[in-house]
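Student: Encoded as structure tokens, here's the structure I'll be asking about.
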Amino acid sequence: MIKRRIVITGMGAVSPYGVGVAPLWQGLREGRSAIAPLRHPEAARVRMKVAAQLPEDVDLAALMSESMLPLLDRCSQFVVAASNEAVRQCGLDVRAEGDRIGAIIGTGIGGVTSHDEQSKRLYGEGAERMHPLTIVRTMANAPASHVSMTHGLRGPVFTVSSACASANHAVAQALAAIRSGAADVMLTGGTEACLTFGLLKAWDAMRVIADDTCRPFSANRRGLVLGEGAAVFVLEEMEHAKARGATILAELAGAGMSADAGDIVAPSAEGAALSITRALQDAELEAADIGYINAHGTGTLANDATETRAIRLALGTHAQGIPVTSTKSMHGHALGAAGALELAAMVSALNDQFVPPTANFEQADPACDLDIVPNTGRPAKIRAALSNSFAFGGLNAVLAVGQA
Amino acid sequence: MSDTPDEKAIFEEIASQIAAKAKIDLATIQPESTLKDIGVSSLDAIELLFDIEEHYGITFPDQGPNFGSDTVQQLVDVVKDALAAKAQG
């Protein structure tokens, strides 16, 4: 059977740079980090000092319909806003074709803001009752359901959760849904709004958070910096897109998935390499075709060295010639949305033929000896690119894109 | 202060927690042993830190010692310092 080819015809984002893919890409292109001192009512009670948060002046409520707003956890607000931009850009009347369109959204944690608020009332303040919409705000499938309800999508709709790889796994599933014929068009991506007091404390306790900033691949890296946001893509079967004269942003050429079946937190180079190799195979690409890799690049000691080995294992001698950058150095680690923000970066890089840098780089690390494009981006010839996501739990998902 | 545990008591407490965590004979844990040598995984190590913090009612410094490579004695020293800081208020 000939594989159906899948293209990206729309994208939208909500990120620490504000609403829209344009401000996100402009920031990343310029190497401008959105990591800033943590803004939180309980900031004095957490160790974490910095985060990549949505700008204070972004009023998401203004972007939503008033009737919908009470139903939406912050993570659902993000994804609905991002989906509106993606649908506008694709130019397709998705409601009219809703029977053949679905939505698969990744989230690491789902409606934790609502959960935290209500838990505080119940356990902390001794409240007698929970807000009646707590369940529908908190449930992990809410972001996918709201994308479906907002745009009238009646195809396959569900949430995918695999911690930091959630968005990449979601995109991989959406790709599979179109290839299988279950849908012609899919909205997909990831969302996360994880900066609750409870989760900040939980991350503190894991001792993997940097207190200065995120410095991927730098010898003096001290851990990850949390972020938040969402990005959504319109995936479309190529002939469907061509038939309606759509502007094609990129081809989603393939996806590769694997599991380490090892440690719950310590990453495995072999497991990660397997997902990279499978992404290349699925996309029918060779290592030599790859002109850019958007790394998982969390800035933890373990990830960056292990990811370097994984890239070398999977790409062999070609690894040395490929720019590999971590945009988490700028937009932070948005967990279940990370892969989606990074796919937006990768598609933009492909269209601009420009590699965004790894920001905050200070000291070379022999264990991370790839071309990591420190601090300043640069033009590059990119025909195809990869984006890595490797999650706690040993779950790996890699996306491959090619020029339209 | 008489109710502040001395270094020997801290060592014994930490060693017994490590022995329980790593399921090894208490007698094999020496001050110069590293957690890694003893076979404490990184995940067990952060749990161990949590247990020690809870036990003594202290908070380790932000960029504390590297518990993968540092020795049991270094852990004892960090606890001693944290207890001293706590005693001073």
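The values are calculated or read from the model by the stated rules, or taken from the named source; none is laboratory data. Keep in mind that what you see is a predicted model, and the values were worked out from it rather than measured. Note that each Cβ is placed from the backbone with ideal geometry, even for glycine, and that neighbours are counted across all protein chains shown. With ligands, DNA and RNA removed, areas are computed over all heavy atoms of the protein, side chains included. Shrake-Rupley method; radii C 1.70, N 1.55, O 1.52, S 1.80 Å.
Student: Just one of (1) surrounded by fewer than 24 Cβ atoms within 10 Å (Cβ to Cβ); (2) of a type in the set (Ser, Thr, Tyr); (3) touching a Pro at 6+ places or on another chain (Cβ under 6 Å) trips up A:Thr317, so point out which.
Tutor: (3)
Student: Being over 22 Å from the mean Cα position of the chain (by Cα), touching a residue at least 24 places away in the same chain (Cβ under 8 Å) and in a loop (DSSP other than H, G, I, E, B) narrows it down to one residue among A:Arg32, A:Arg4; which is it?
Tutor: A:Arg4
Student: Filter the stretch A:40-87 for residues that are more than 14 Å from chain B (Cβ to nearest Cβ) and of a type in the set (Val, Ile, Thr) and give the result.
Tutor: The answer is A:Val58, A:Val79, A:Val80, A:Val87.
Student: Next up: Quick one: A:Arg215 ticks every box in (1) more than 14 Å from chain B (Cβ to nearest Cβ); (2) touching a residue at least 12 places away in the same chain (Cβ under 8 Å) bar one, so which box is it?
Tutor: All conditions pass for A:Arg215, except number (1).
Student: Please verify whether A:Leu24 is of a type outside the set (S, T, N, Q), assigned to a loop (DSSP other than H, G, I, E, B), touching a residue at least 12 places away in the same chain (Cβ under 8 Å) and buried (at least 22 other Cβ atoms within 10 Å of the Cβ), treating the condition exactly as stated.
Tutor: Judged against the criteria, A:Leu24 is not a match.
Student: For the stretch A:249-265, which residues satisfy the criterion of being open to solvent by 40 Å² or more (accessible area, probe 1.4 Å) and either in contact with a strand residue (DSSP E or B) (Cβ under 8 Å, 6 or more places away or on another chain) or within 14 Å of chain B (Cβ to nearest Cβ) (or both)?
Tutor: Those that are open to solvent by 40 Å² or more (accessible area, probe 1.4 Å) and either in contact with a strand residue (DSSP E or B) (Cβ under 8 Å, 6 or more places away or on another chain) or within 14 Å of chain B (Cβ to nearest Cβ) (or both): A:Met257, A:Ala259, A:Gly262, A:Asp263, A:Ile264.
For (1) touching a residue at least 60 places away in the same chain (Cβ under 8 Å); (2) under 28 Å from A:Gly12 (Cα atoms); (3) away from chain B (no Cβ under 14 Å), each residue gets a yes or a no:
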site	(1), (2), (3)
A:Leu285	yes, yes, yes
A:Ile293	yes, yes, yes
A:Thr300	yes, no, no
A:Thr317	no, no, yes
A:Lys328	yes, yes, yes
A:His331	yes, yes, yes
A:Ala344	yes, yes, yes
A:Asp352	yes, yes, yes
A:Asp365	yes, no, yes
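Student: Is it the case, given these coordinates, that A:Ala287 is open to solvent by 10 Å² or more (accessible area, probe 1.4 Å) and touching a His at 6+ places or on another chain (Cβ under 7 Å)?
Tutor: Yes: the conditions hold for A:Ala287.
Student: Pairs please, first residue from the stretch A:182-209 and among the hydroxyl-bearing types (Ser, Thr, Tyr), second anywhere and open to solvent by 10 Å² or more (accessible area, probe 1.4 Å) and not in a strand (DSSP E or B), Cβ atoms under 6 Å, 6+ apart in sequence or on different chains.
Tutor: Pairs found: A:Thr196/A:Val112; A:Thr196/A:Thr113; A:Thr196/A:Asp116.
Student: Which residues, taken from the stretch A:377-390, are open to solvent by 10 Å² or more (accessible area, probe 1.4 Å) and either under 24 Å from A:Glu239 (Cα atoms) or touching a residue at least 40 places away in the same chain (Cβ under 8 Å) (or both)?
Tutor: A:Gly377, A:Arg378, A:Ala380, A:Lys381, A:Arg383, A:Phe390
Student: Can you name the condition, by its number, that A:Gly229 falls short on among (1) of a type outside the set (S, T, N, Q); (2) within 14 Å of another protein chain (Cβ to nearest Cβ); (3) at positive phi?
Tutor: Checking A:Gly229 against (1) of a type outside the set (S, T, N, Q); (2) within 14 Å of another protein chain (Cβ to nearest Cβ); (3) at positive phi, the one that fails is (2).
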